[in-house]
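Step one of this worksheet: look at the structure below.
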Amino acid sequence: MEIPLDRDKPVPLARQIQAHLERLIAEGLLGPGVKLPATRELARRLRVNRATVALAYEELIAAGLAHAHVGQGTFVAGGPMTGAMAAPASPAPIDWAALLSRGARIAAADEERLRGLGTANGGSATISFAGGMPDSALFPTDAFRRVLNQVVRAEGAALLQYSPVGGYGPLRRYLAGYLLRFGIEARAEDILIVNGAQQGFNLIARTLLDPGDVVAIEQPTYTGAMQGFRACGARLLPVEWDAAGPRPDVFQRLCERQAPKLFYCQSSGHNPTGLTIEPETGRRLVTAATRHQVPIVEDGFDGSLYYGARAGTPLKAADRAGIVIHIGTFSKILFPGLRLGWLVAPPPLVERLQAAKQLADLHTSALLQAAVHRFCERRLLERHVTRVTAEYARRRTLLLAALRRRMPEGVSWTEPHGGFSLLLTLPIGLTATALLPTAVERGVAFTPGPAFFIDGGGERTLRLAFSSVAAARIDEGVRRLAEAIKAARRQPRPRRTEHEMVPVV
Ligand SMILES: Cc1ncc(COP(=O)(O)O)c(C=O)c1O
């Protein structure tokens, strides 16, 4: 601890030390319970007599700002502020809101909008269909700990050094083979390892967008993608989904009239509907994009999690011109906490994306990349995906059966082919935001649909994520939701309550 002492001042040194510590305590820089330096040590560092420091500490103790424990030292006291702790007059606070960039202000407005939707998980007794994340109870934590130990032992020193920005070579080569299973032909050099799909969106936005540019975006869509593009100053224009995917005729028209800089969509396990783009629709989207030179950002985030006979076909597989940028992630098929994903892009663009990544964070953790690579190479990922897909498929089936059995007339929903969720549409006259408080009161939660629509459409829709709800609780959750809908229908009453915010994933 450095305490500036003015030895020419008429104020005694002990008093100067005391005043300095009082200010640190008052401003919360030394919090309750923090141990003050030993008197001997502080005296040595400040080049004062030990008794001088002891005197300052005694004054703090006398003022109730600190207390001494025999043999242990002197600690900052907890409890309410006393007069003696009041901070000295400080300069006017900085007006950070006025200093924010346009992008940061847009992001703040978006956050505010989502908070207004009251995305809620409720308490622990609540059955929450709100979180679109994998179930941590199914995580292969022990197996991952073992591969992590192995790579630290085998290549620890190299992996803990700075690494190439493009990614860990063996993982890029593994991914090239993995993507072939889905019909995507990519060389290891065309693959850039990123900190999750979310970083992929941001690098693409930074590389291809200028403020005011138009971005065509599927609707409904993943909230994080919407926020990412919007925060770069893009103007978002929707391409609505029908049962086969984003409508190619709408996309085509948009290309002709608005010259979008890119088009974002998810090809399989779509969040929030769980639907997949049908091959013919995909081909038409790629053809239109190629003709108008509008890059497609394909978020293929969990192509392995599908519940039908075979996986959907990524748009990238039908891309002869190199107009599709494909993004993938380990967040859904393994652990979101890894923050590990990848981008596939044509060579001239991948170079620019790599440069943007270098500026953003130099590279993704090589240690985690190597551990994931070993996990994949040992076929542990395949085994894990098979196991969790069976479990998520079971939950999906239970959810669909419960909806069929319990939902009142006028309610409809999508039947997910993949992913973690479905989108439910309420009867005319009800809105998801108004329903949420009633539902939470009855012990069930969901994400209101407007979180997935540009500027608040989709009021009658809500997302039910089944991935994190134990199979045994699904039917009861749907029963509660059906009751809430029936009650709201009998007595429609718009109301709002405060809920703890959770990120919409
Ligand atoms: C469709 C979609 N894309 C991307 C992401 C974010 O992925 P990551 O964790 O890889 O950043 C999510 C997270 O839920 C998502 O639902």
Give the distance, in whole Å, between the Cα centre of the stretch 258-279 and the Cα centre of the stretch 375-435. 18 Å
Proxy exposure order for H69, H384 (fewest C-beta within 10 Å first) is H69, H384
Keeping to pairs on different chains or 8 or more places apart, tell me how many lysine pairs in the chain have Cα atoms under 30 Å apart. 7
Nearest 10, in degrees from 0 to 90: the angle of helix 141-159 to the longest Cα principal axis of the chain is 70 degrees
Per-residue ellipticity at 222 nm attributable to helices in the chain (runs of n ≥ 4 DSSP H, -39500 (n - 2.57) apiece, nearest 500 deg cm²/dmol) works out to -13500 deg cm²/dmol
Over the stretch 138-382, one equal point on each Cα, no solvent: what is log10 I(q)/I(0) by the Debye formula at q = 0.09, 0.10, 0.16 Å⁻¹? -0.37, -0.46, -1.14
Treating the angle as unsigned and between 0 and 90°, give the value, to the nearest 10°, between the Cα long axis of helix 380-406 and the longest Cα principal axis of the chain. 70 degrees
Give me Rg/Rg_expected for the chain, where Rg uses Cα atoms only and Rg_expected = 2.2 N^0.38 Å with N residues. 1.20
Cβ-based net charge around R320, under 13 Å, with every Lys or Arg adding one and every Asp or Glu removing one: +1
Quick check on the exposure proxy: order D8, D361, D213 from fewest to most C-beta atoms within 10 angstrom. D8, D361, D213
Between the alpha carbon centres of the stretch 2-52 and the stretch 131-159 the gap in Å comes to 46 Å
Give me the net charge of E256's neighbourhood, meaning all other residues with Cβ under 13 Å from the Cβ of E256; Lys, Arg count +1, Asp, Glu -1. +2
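Read-outs throughout are calculated quantities, based only on the coordinates presented, and are distinct from any laboratory measurement. Please read all numbers here as calculations on a predicted model, not as lab measurements. Cβ coordinates were reconstructed from backbone atoms using ideal geometry, including for glycine residues, and neighbour counts include every protein chain displayed.
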